[in-house]
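Here's the structure we're looking at; comments come further down.
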Amino acid sequence: MRRKIVAGNWKMHGSIAANRQLLLDVLAGLGDVSCDVVVCPPFPYLAQVAELLQSSRVMLGAQHVSEFAVGAYTGEVSAAMLAEFGCRYVLVGHSERRSLYGDDDARVAAKFRALVDSALIPVLCVGETLVQRERGETEAVVSRQLEAVLDQVGVDAFASGVVAYEPVWAIGTGLTATPEQAQRVHAAMRALLAERDAGLGAGMRILYGGSVKAQNAAELFGQPDIDGGLIGGASLQSTDFLAICRAAN
Ligand code: PGA
């Protein structure tokens, strides 16, 4: 049985006061939530959020990491630094990083490796654009994105990560993949991983992301190959985020 995860990607949102209120509300409502819960605040708030989450079952995540271990990389943050602040999960290959900051497949693979080397859990985001979907390239695109990492880090390292399927056209747009559309891609990705290694395919947790809301979460998470969600906008409202967590029960 793969344990479901709901991870909140706060993106560049939040403030000391807002984070505190959001987390106090989330922690107060967690009683009937049984999935793994992760929140990924912006870097400056890692220490604040780590403290608020102390002795709770919500895990800390980060949105980004450098592929390098140490050195003259202005503005970057290493995997070891994230580990020191108590992070467990770290996003890599989010479409906003790929499209706005030039994170290509090779760099995404290097970041994945850096995270595994620091005993952090990479959340590898993959997904097609609308044009790619309309051209019928969805499976080719996500396969390329998965294989770029798998080929570079190997089956064993890959198995310590999590995958998130996030169709680019669904992120922040209010357009959600239908449960059937998402399930088809998740099943194809699991089959690709199983071709490399049966255990990798069976055990990999594959999250769906892209306009997940309280209203559509249960149907998405009810699909056989969808193991939870990566939640952007709806993770900023405690009632919405908690409802999505409950949908993963
Ligand atoms: P969204 O973002 O839920 O706001 O669409 C998802 C994501 O980018 O991870």
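Where a number appears in this text, it was derived from the coordinates with a stated rule and is not lab data. Everything numeric here is computed off the predicted structure, so don't read it as measured data. So basically every Cβ, Gly included, is an ideal-geometry build from the backbone, and we count neighbours across all protein chains shown.
Computed values, structure above
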quantity: Rg and Dmax [Cα atoms of segment 87-135; Å; Rg one decimal, Dmax integer]; calculated: 12.2, 39
quantity: Span-rule helices in the chain, defined as complete DSSP H runs reaching 20 Å or more along the axis (Cα) with Kyte mean at least 0.0; calculated: 138-158
quantity: Between segment 9-54 and segment 87-117, the Cα center-to-center distance that results, in Å; calculated: 22
quantity: Rel. contact order, % - alpha carbon contacts under 8 angstrom, at least six apart, segment 5-247; calculated: 21
quantity: Theoretical gain in end-to-end length, residue 239 to residue 32 [0.36 nm per residue, Cα-Cα removed]; calculated: 73.2 nm
quantity: Length added when fully stretched, residue 1-residue 139, from 0.36 nm per residue minus Cα-Cα; calculated: 47.2 nm
quantity: Percent RCO, i.e. relative contact order, over segment 6-45, from Cα pairs under 8 Å lying at least 6 residues apart; calculated: 76
quantity: Relative contact order computed over segment 124-249 (Cα-Cα under 8 Å; 6+ residues apart), in percent; calculated: 24
quantity: Inverse mean reciprocal Cα-Cα distance (Kirkwood Rh) of segment 1-101, Å; calculated: 14.5
quantity: Estimated inter-spin distance, residue 173 and residue 72, nm [label 7 Å along Cα→Cβ]; calculated: 4.2
quantity: Calculated FRET value between residue 131 and residue 99, using beta carbons and R₀ = 22 Å, to 0.05; calculated: 0.95
quantity: Distant alpha-carbon pairs in the chain (separation over 30 angstrom), percent; calculated: 20
